[in-house]
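The values are calculated or read from the model by the stated rules, or taken from the named source; none is laboratory data. Here the structure is a predicted model, which is why all the values come from computation and not from measurement. Neighbour counts are summed over all protein chains in view; Cβ atoms, including those assigned to glycine, are modelled from backbone coordinates with ideal geometry.
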Amino acid sequence: MANREMAVYCFDTLVSHYNKEDTPPPAFEDSIHPCFVTWKKAVNGGEPRFRLRGCVGTLEAHRLSSSFKEYALNGALRDHRFPPIQPGELPSLQCTVSIVTDYETPEDYLDWEVGKHGIVIEFSDPVANVKRSATYLPEVPVNEGWTKLEAIDSLVLKAGYDGEITESVRRRIHLSRYQTTLFRMHYSQYIAYVKATRGSVAPTINETSNHAMTLS
């Protein structure tokens, strides 16, 4: 199960990177699972809203301690869809850690439930004659308000297909579904955790450090 200490470890990893310090050891029981790390940033407005700032993970099982450390940094600094997260954004950040469970292969590309399943699609591009694939975590279609068909079409585009999405293209899809356990933590909750469990003041960023913010 995803838990608070896993999200704390991701924040620890990012803060330690900015300060060029060693990351504190993880406080969760290590195991081997597929996982993802998602960073979102709070945006101004009446209702609390968050926009995606980076998400990296794998559907292959690896040791969680090394995976969370790698994906926390890659999601924050190397997700090619977004500019690297800057230290000044920390107070607005939310981290979600997701652990993948119950991986299944249904017979039909619509045989899954919005909000329950994450989905992976693989298909042969009839235009470019290449294999394409992409995935969405379970919460993505819910957050976007998509139907199953809308989520599938969006995922086809995410995979890099730039032709017309017809039923013939959809029927080429080989879909797998999975479920996740997840835990979300805002930076303010991370600060409170550090103060309560480590008896220390809030982590600070050494502004004189030469942060590696242009990693590709």
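What to note about this one:
- Residue in region 21-30 that is of a type in the set (D, E, K, R), assigned by TED's automatic domain parsing to the domain that holds Val194, on the phi > 0 side of the Ramachandran plot and part of a loop (DSSP other than H, G, I, E, B) present: no
- Qualifying residue in region 139-148 (condition: of a type in the set (Gly, Ala, Ser), without any contact (Cβ under 8 Å) to a residue 60 or more places away in the chain and closer than 19 Å to Gln94 by Cβ): no
- Answer residue from region 106-129, given it is at pLDDT 95 or above and of a type in the set (Val, Ile, Thr) and is farthest from Asp162 (Cα to Cα) among those: Val114
Yes/no matrix, rows are residues, columns are (1) among the small types (Gly, Ala, Ser); (2) within 15 Å of Tyr187 (Cβ to Cβ); (3) at pLDDT 95 or above:
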| residue | (1), (2), (3) |
| --- | --- |
| Phe11 | no, yes, yes |
| His33 | no, no, yes |
| Trp39 | no, yes, yes |
| Ala42 | yes, yes, no |
| Gly45 | yes, no, no |
| Ser66 | yes, no, yes |
